[in-house]
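First up is the structure itself, then whatever we jot down about it.
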Amino acid sequence: MPKSTSPPILGTQNSALRTVSLPPIGEDWPGEGGVFAGILKGEDGDYALIVPLDPASDVDAAPWKEALAAAGKFKTAQHQDYSPATRGELALCFRNVPGLFKKDWYWSSTPYAGDASYAWFQGFTNGYQYYYHKGTQLRARAVRRLKI
């Protein structure tokens, strides 16, 4: 019997069609390490963003480098692939799951292209996003990305 293959997606060859069951945005995603915050387009394709509920994933205010290092150390028994949130991910979180964040300022892992001593941050009081000097003490948050 001939081997069955999946049809290509969007005209690409050798693409396998996958089915992923996503929970509603803002709901816990059992087995995936947190709350499903939404979908973003990444350099390597679309991915689901997961925000852990563990308070240890929400890092106290520190300068950019230290805050990101602390967020990058967050791990759970099930998952060791958490890392600091990017500018785009924090914007998505403000839009979809703001209640998972303190009403404070959070560093993103995204540096400001115009000056290496600055990086982007996200406000969870009003949604304001801007860049500031990396020596400023702001919070940081670990998130998990699941390619879909």
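The values are calculated or read from the model by the stated rules, or taken from the named source; none is laboratory data. Remember, it's a predicted structure, so these values are computed and weren't measured experimentally. FYI the Cβ positions are ideal-geometry reconstructions off the backbone, even for glycines, and counts take in every protein chain you see. Note: accessible area is taken over every heavy atom of the protein model, side chains too, but ligands, DNA and RNA are not part of it. Shrake-Rupley method; radii C 1.70, N 1.55, O 1.52, S 1.80 Å.
Annotations for the structure displayed:
- All of (1) open to solvent by less than 20 Å² (accessible area, probe 1.4 Å); (2) under 12 Å from the mean Cα position of the chain (by Cα) hold for Q122 with one exception: (2).
- Filter pass, W107 being aromatic (F, W, Y), touching a Pro at 6+ places or on another chain (Cβ under 8 Å) and closer than 19 Å to Y132 by Cβ: yes
- Among the residues making up the range 34-61, those that are open to solvent by less than 20 Å² (accessible area, probe 1.4 Å) and over 15 Å from K102 (Cα atoms) are G34, V35, F36, A37, G38, A48, L49, I50.
- Number of positions in the range 63-83 that are open to solvent by less than 20 Å² (accessible area, probe 1.4 Å) and assigned to a strand (DSSP E or B): 1
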